[in-house]
Amino acid sequence: MRKTITVILLIIAVFVPFATSDILPVIGDPQSAPNTHVSDYYIEHAIEECNSPNMVTAVIVDYRAFDTMFETTVMFLAGLSVVIILANRPKKRIPAFSSLKRLKTADGRPVYRTINKDVMISVIEPLILIYALYVLFHGEVSLGGGFQAGALIGMTYLLDIMVVKRQRPIFRLSKAGSAALAGIGPLIYALTGIVTILGGGLYLEYNKFPLSVHQAELHSIGITAVEIGVTIGVAGTIITILNALMERTYFDDDND
Amino acid sequence: MTLILQAVLLLGLIGITIAIIFGKDLMISVVIYCAFSFLTMLLYNIMGAPDVAFTEAVIGVISTVFFIIILRSIDRKTK
Amino acid sequence: MMTTINAYLAAKGIYMLTLVLLALGVAGIIVCNNYMKKLICMNVMQVAVIFFFLCLGQKYPATIPVALDSAVKASEYVNPLPHGLMLTAIVVSLGTTGVGLSLLLRIREKYGTIEEDDLIRREELMNRKAKNGGNRK
């Protein structure tokens with residue numbers, strides 16, 4: 001009863017605004033209201049002021065760096081709350097579901113095999129890590145940035161923890177260690193702002209670093225330091241959530 | 001021309017959502033969610049936002065694997 | 001015929017399809033009984049909102065927001081401001097999904113089920129048992 005009323009009300013809410021009003025702008029119009037006023041300034045002055053041809057990176061890390069700092073803090077808080085919610089010790093195990101039939105060959109070995117660990121660990125994971133470092137440091141010239149690099153490092157840890165049970169990992173962090181790593185990211189970000197205050201400017205104003213290099217170089221140094229903070233924060237959060245979730249669930253048909 | 005391509009992909013997304021709501025097994029919903037994430041990545045590429053598409057590709061994979069890890073310890077059949 | 005379809009899509013069609021996707025996400029949260037499907041429909045709603053934002057920043061004969069040479073004109077590049085906001089939104093939605101899944105694990109431990117009807121019935125049984133057990137003393 002409540003479900004059919006809801007669906008009917010939603011159908012009415014979708015079609016009535018579009019039959020009666022015309023306030024949304026036409027797609028593809030360069031003179032519409034969201035495409036003027038301040039975005040023109042960002043596009044035209046991104047190269048000469050921020051020294052980065054990638055305008056999206058210039059917007060999120062240079063012109064609006066304060067918002068990105070709080071976004072990294074929110075990521076850290078999400079990782080921390082997952083650890084806190086799953087902090088109890090369960091009294092009995094979750095009952096295993098015996099719905100998987102294990103096929104066996106004639107001499108007792110199971111037919112189901114895992115992926116070959118030696119090829120996966122020693123060939124693919126270092127390539128992904130090198131690509132993550134490339135995406136981090138070239139974020140201001142081509143596509144990329146801090147978020148993508150942090151997620152790629154998290155993906156490497158995911159491969160590592162799901163393929164090999166507890167033998168020969170590349171890097172393995174405990175739950176408390178990964179939560180600490182997720183907290184170091186916003187700390188680096190906030191410290192960059194304090195260094196610019198010590199140089200005599202406002203918070204996160206990259207022109208006033210206390211270093212004696214050219215003005216374009218100052219923006220590059222500021223952007224790189226801030227993006228390293230974002231990368232460590234995002235990678236730490238993903239590793240924390242994975243560690244907390246993998247303690248509770250178990251894979252009952254892995255036998256190596 | 002690109003607008004017609006975007007409309008076709010949006011219709012595909014709407015069809016996938018209906019398949020997620022009416023699926024009888026939770027594993028079907030999770031695997032179709034992975035396809036949903038891939039289609040949204042294509043959609044962001046066509047619209048001229050390759051940064052957003054790159055981020056969505058990586059995070060779609062990680063989000064799907066979160067769902068699959070949880071799926072090992074709950075009941076897979078649903079009404 | 002193609003130009004009339006294009007003109008209709010640019011003015012109203014794509015917004016209407018986006019709103020249908022958002023409404024389907026909300027309907028999925030209300031109609032589905034299983035908590036895991038509600039989490040998946042939450043992600044569907046997020047995709048619809050992000051697509052709406054990116055629609056507002058499109059310009060017709062324009063290229064991606066990476067500057068090719070030093071002399072830039074503002075009408076040749078796509079608006080980069082919605083892209084920046086949506087990057088943040090996608091990464092924060094990953095954290096939200098993680099917290100939602102951890103709450104799901106705790107519900108599963110306490111009640112033994114994640115369907116909504118069974119959960120309401122079991123909670124009433126537990127409340128009644130607690131009240132009866134307290135009154136008997």
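The values are calculated or read from the model by the stated rules, or taken from the named source; none is laboratory data. Since this is a predicted model, take the numbers as computed values, not measurements. As a convention, Cβ positions derive from the backbone with ideal geometry for all residues, glycine included, and neighbour counts pool all protein chains shown.
Listed by first and then second residue, the pairs with beta-carbon distance under 6 Å, at least 6 apart or on different chains, first residue in segment C:108-128 and within 14 Å of chain B (Cβ to nearest Cβ), second basic (Lys, Arg), are C:Tyr111/C:Arg122; C:Ile114/C:Arg108.
So for segment C:91-111 (the condition being surrounded by fewer than 17 Cβ atoms within 10 Å (Cβ to Cβ) and part of a loop (DSSP other than H, G, I, E, B)), does at least one residue qualify? Scanning segment C:91-111, I find no residue that is surrounded by fewer than 17 Cβ atoms within 10 Å (Cβ to Cβ) and part of a loop (DSSP other than H, G, I, E, B), so the answer is no.
A quick yes/no check of all residues on (1) closer than 22 Å to A:Ile27 by Cα; (2) at pLDDT below 90; (3) not hydroxyl-bearing (Ser, Thr, Tyr):
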site: C:Ile30; (1), (2), (3): no, yes, yes
site: C:Pro80; (1), (2), (3): yes, no, yes
site: C:Thr88; (1), (2), (3): no, no, no
site: C:Leu101; (1), (2), (3): no, no, yes
site: C:Glu116; (1), (2), (3): no, yes, yes
site: C:Lys131; (1), (2), (3): no, yes, yes
site: C:Arg136; (1), (2), (3): no, yes, yes
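Residue count for segment A:40-92 under the criterion of being more than 16 Å from the chain's Cα centre (by Cα), surrounded by fewer than 22 Cβ atoms within 10 Å (Cβ to Cβ) and of a type outside the set (S, T, N, Q): the result is 21. Note on segment C:49-61: among residues that are surrounded by fewer than 20 Cβ atoms within 10 Å (Cβ to Cβ) and either in contact with a strand residue (DSSP E or B) (Cβ under 6 Å, 6 or more places away or on another chain) or not in a helix (DSSP H, G or I) (or both), the one that is nearest to the other protein chains (Cβ to nearest Cβ) is C:Tyr60.
Each row is one residue, and each column tells you yes or no for (1) over 24 Å from A:Ala87 (Cα atoms); (2) surrounded by 16 or more Cβ atoms within 10 Å (Cβ to Cβ); (3) of a type outside the set (A, V, I, L, M, F, W, C).
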{"position": "A:Lys175", "(1), (2), (3)": "no, yes, yes"}
{"position": "A:Ala182", "(1), (2), (3)": "no, yes, no"}
{"position": "A:Ile194", "(1), (2), (3)": "yes, no, no"}
{"position": "A:Tyr203", "(1), (2), (3)": "yes, no, yes"}
{"position": "A:Leu211", "(1), (2), (3)": "yes, no, no"}
{"position": "A:Gln215", "(1), (2), (3)": "yes, no, yes"}
{"position": "A:Ala225", "(1), (2), (3)": "yes, yes, no"}
{"position": "A:Ala235", "(1), (2), (3)": "no, yes, no"}
{"position": "A:Thr240", "(1), (2), (3)": "no, yes, yes"}
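Taken residue by residue, segment A:11-22 has no member that is within 9 Å of chain C (Cβ to nearest Cβ), within 30 Å of C:Val26 (Cα to Cα) and surrounded by 20 or more Cβ atoms within 10 Å (Cβ to Cβ).
Count of segment A:202-221 residues, restricted to those that are touching a helix residue (DSSP H, G or I) at 6+ places or on another chain (Cβ under 7 Å) and either among the hydroxyl-bearing types (Ser, Thr, Tyr) or on the phi > 0 side of the Ramachandran plot (or both), is 3. All conditions in (1) over 25 Å from C:Met36 (Cβ atoms); (2) crowded, with 22+ Cβ neighbours inside 10 Å; (3) at the interface with chain A (Cβ under 10 Å from one of its Cβ atoms) hold for B:Val58, with the sole exception of (1). Here C:Ser75 meets the list (1) facing chain A (nearest Cβ under 7 Å); (2) part of a helix (DSSP H, G or I); (3) small (Gly, Ala, Ser); (4) out of contact with any strand residue (DSSP E or B) (no Cβ under 7 Å at 6 or more places or on another chain) almost entirely, failing just condition (4). The one condition from (1) farther than 30 Å from C:Gly112 by Cα; (2) at the interface with chain B (Cβ under 7 Å from one of its Cβ atoms) that C:Lys37 does not meet is (1). If I filter segment C:4-48 down to residues being touching a residue at least 24 places away in the same chain (Cβ under 8 Å) and not in a helix (DSSP H, G or I), which single residue comes out as farthest from B:Ser37 (Cα to Cα)? That would be C:Asn33. Residues considered: A:Glu48, A:Glu44. Of these, the only one that is farther than 23 Å from C:Thr88 by Cβ, of a type in the set (D, E, K, R) and more than 7 Å from chain C (Cβ to nearest Cβ) is A:Glu48. For segment A:26-41, filtering for residues that are on the phi > 0 side of the Ramachandran plot and more than 7 Å from chain C (Cβ to nearest Cβ) leaves 1. Put simply, of B:Leu3, B:Leu13 the only residue that is buried (at least 16 other Cβ atoms within 10 Å of the Cβ) and either within 14 Å of chain A (Cβ to nearest Cβ) or more than 25 Å from C:Val78 (Cα to Cα) (or both) is B:Leu3. Output the number of residues of segment A:193-238 satisfying the condition of being among the aromatic types (Phe, Trp, Tyr) and farther than 16 Å from A:Glu140 by Cα. The total comes to 2.
For segment A:133-161, the tally of residues that are free of Cβ contacts under 8 Å to residues at least 60 places away in the same chain, more than 10 Å from every other protein chain (Cβ to nearest Cβ) and part of a helix (DSSP H, G or I) stands at 4. Residues considered: B:Asp25, B:Asp75. Of these, the only one that is surrounded by fewer than 18 Cβ atoms within 10 Å (Cβ to Cβ), at the interface with chain A (Cβ under 9 Å from one of its Cβ atoms), within 20 Å of C:Leu39 (Cβ to Cβ) and modelled with pLDDT under 95 is B:Asp75.
Residue count for segment B:33-55 satisfying the condition of being hydrophobic (A, V, I, L, M, F, W, C), over 21 Å from A:Leu158 (Cβ atoms) and either in contact (Cβ under 8 Å) with a residue 12 or more places away in the chain or surrounded by fewer than 16 Cβ atoms within 10 Å (Cβ to Cβ) (or both): 5.
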